[in-house]
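Below you'll find the structure, written out as structure tokens, and then a few comments.
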Amino acid sequence: MNMKVYELLEQSGVTARNPLPADVEQLEITGISESSLQVTNGHLFVAISGYATDGEAYIGNAIERGASLIVTESDLTARENVPFIQVDNARERLSLLVSAFYHNPSQDKLVIGITGTNGKTTTALFLQHLLKKAGFEVAYFGTVYNEITCQRYESKLTTPSATEIQASLAWSNDDVVVIETSSQGLHQYRMAGMQFDYALFTNLQHDHLDYYKTMEAYYQAKKSLFSLMKADGKAVINSYTMWGNRLAKELAANGKQVLTVDTKKGATSYVLDKTTDTAVVAFNGQGGQIEEIEAPLSGVYNQENLILATTVMVDLGLDAGNTNEAIADFAGIAGRLEYYPLADGNEMVVDYAHTPDAIEALLTTLNAQYPNHEIIHIFGFRGQRDTKKFPQMVSASQTGADLTILTTDDLNGVPKQVMAEKYLEYVTQYGLDSMAMALDRVEAVELALEMSPNPVFLVLTGKGHEAYSEVNKYGVQSDQQVAHMFRYRQVSYSM
């Protein structure tokens, strides 16, 4: 797949700030990369400013590896024998260029993007499952894995790089593409050049303020997804919160097609009865048809996720009454509400919950399901992340759990002793009757089992499907491995 420079610029809409010689316009581009390590002969190298390194430092390496043209925000006139294109916003231009290079593959597929603080993965995988049961071939890009043309591979980012996703779509045989679109992926223009048929919004809750500083900036990053919809694209919005309600109104005022899911009052499309785990759903445009839909994962929040997925299915002309049958064999999601029976009649759940709202919703659900168990919640803080949510996470845990044990999550360079001192502040504040700490995640589970002689439900959150980045006892690599370790292990209670 080759393309001349002038064709690439015309089809991407990218404009060079510097005059291009005729011989540069006629250059044959064989590929596009933002990593000099991936450059081969004839490639266009886009030098983007990273958060740790500057791509311009690798221009020389890219040329040595065969790059025939450089795209950069700087003027390289002073550097001899370096054909270049100077642009504004190299990150966005990279995405537009790579989309054009692969002939805008998203325009020929049904593309569904999902954004929100919590629920992206569950909604996306519910939707992929329902679409597959309806006979579609479905690609998925997200947190737990990527899948293209029935082949799965490891996911390194919730939202892949533009070069990865556009190349994947170009050779994909899938009919539909479901993409988790993170706020950072949107803010970093990884989705520029994509065209969405449906854009879904789950919720907006306190998270990532280390990156955005304010909720308004965080909201605007999420909202940018909806500017990428096709001319006939539709927004599907869970509008029961202030942010969802605001988004629905703003999009409608701008002439966008909006389907709202109001899980409190069902003002437009759907009604969720929050007193049960069953959604009683009224579908507009179907004669007031009522269906009872039950998600395969417990919790009101998963009902909301399934309703969002069902909204798309109904809008595609499929019968909502098939949802229960179609979702019945849903296999679950790694690191999301994974239940494990333990020895001595105890239970454990592993979940990715890492925001105050997610922790509150999870513990509320588990308290209702296991009224005769003492609930012990084990989680930690991530280093170099939004510290403003830490006290809210502790408060949610203290409200929903009988005991909170603070343990290590990803430290991201923060010394363990510094994190231990932060934990000690909370232990001192709440007291030893309701809070403890064990910096090793395996030892935290051992402590939980030793501290409770009653049937106990252990809730291990924050990591979910992710492998550990810190060393833990016995060389355990994940929360799932911890759960399997204690599945048959007897504990001699010392209390």
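The values are calculated or read from the model by the stated rules, or taken from the named source; none is laboratory data. Keep in mind that what you see is a predicted model, and the values were worked out from it rather than measured. When we count neighbours, we look across all protein chains shown, and the Cβ atoms used for this are built from the backbone with ideal geometry, even at glycine. Keep in mind that these areas ignore ligands, DNA and RNA; they rest on the heavy atoms of the full protein, side chains included. Shrake-Rupley method; radii C 1.70, N 1.55, O 1.52, S 1.80 Å.
Which value, in Å² and to the nearest 10, is the accessible area of residue 249 when all protein chains are kept and the probe is 1.4 Å? Result for residue 249: roughly 130 Å² accessible. On the basis of the beta-carbon distance and an R0 of 45 Å, residue 343 and residue 184 show a calculated FRET efficiency of 0.65.
Give the calculated FRET efficiency between residue 329 and residue 470 to the nearest 0.05, with a Förster radius of 35 Å applied to their Cβ-Cβ distance. Before the final figure, lay out the partial values.
On the way: r = 36 Å, r/R0 = 1.03.
About 0.45, to the nearest 0.05.
Using a 1.4 angstrom probe on the protein heavy atoms only, could you order 470, 64 from most to least accessible area? If you can, show how the numbers build up before the last one.
Values: 470 55, 64 155 Å².
Solvent-accessible surface, decreasing: 64, 470.
Can you give the extra length, in nm with one decimal, that the chain gains between residue 249 and residue 384 once fully stretched, where that is 0.36 nm per residue apart less the Cα-Cα distance? Write down the numbers at each step before the final one.
On the way: separation 135, 0.36 × 135 = 48.60 nm, distance 3.51 nm.
Full extension from residue 249 to residue 384 adds 45.1 nm.
Entry note, the range 1-102: relative contact order of 29 percent, from Cα contacts under 8 Å with a spacing of 6+ residues.
Remark: spin-label model distance residue 164-residue 292 equals 4.3 nm, labels positioned 7 Å along the Cα→Cβ axis. The modelled label-to-label distance between residue 40 and residue 370, using points 7 Å beyond Cα along the C-beta direction, is 5.2 nm. Reported to the nearest whole Å, the Cα centre-to-centre distance from the range 318-352 to the range 16-36 is 50. Multiplying the residue separation of residue 15 and residue 430 by 0.36 nm and removing their Cα-Cα distance gives an extension gain of 143.5 nm. If both residues of a DSSP beta bridge must be in the chain, then about 30% of such bridges are antiparallel. Measuring only protein heavy atoms, the 1.4 Å probe finds residue 127 accessible over about 0 Å². Suppose R0 equals 60 Å. What FRET efficiency, 1/(1 + (r/R0)^6) with r the Cβ-Cβ distance, do residue 399 and residue 7 give to the nearest 0.05? Using R0 = 60 Å, I get an efficiency of 0.50. You can think of it this way: the chain between residue 316 and residue 145 has 59.0 nm of extra reach, that is 0.36 nm per residue less the Cα-Cα gap.
Show log10 I(q)/I(0) for the range 1-56 at q = 0.28 Å⁻¹, two decimals, from a solvent-free Debye sum over equal Cα scatterers. Values, matching the q order: -1.19. Take the range 110-229 with all the other protein chains still there, run a 1.4 Å probe, and you get 31 Å² of accessible area per residue.
If only the Cβ of Lys and Arg carry +1 and only the Cβ of Asp and Glu carry -1, the dipole of the chain around its Cα centre is close to 580 debye. Can you work out the base-10 log of I(q)/I(0) for the chain at q = 0.08, 0.10 1/Å, using the Debye formula on its C-alpha atoms alone? Computed log10 I(q)/I(0) values: -0.56, -0.84. The range 65-113 and the range 411-462 have Cα centres lying 48 Å from one another.
The residues of the range 394-495 expose, per residue, 46 Å² of accessible area to a 1.4 Å probe.
Leaving out ligands, DNA and RNA, what percent of the accessible area of the chain is carbon and sulfur, probe 1.4 Å?
Details: 10040 of 20670 Å².
The computed percentage sits at 49.
Under 20 Å from the 7 Å Cα→Cβ point of residue 450, by amide nitrogen: which residues of the range 374-389? Answer for the range 374-389: 374-380. With the whole protein complex present, residue 143 retains an accessible surface near 20 Å², based on a 1.4 Å probe.
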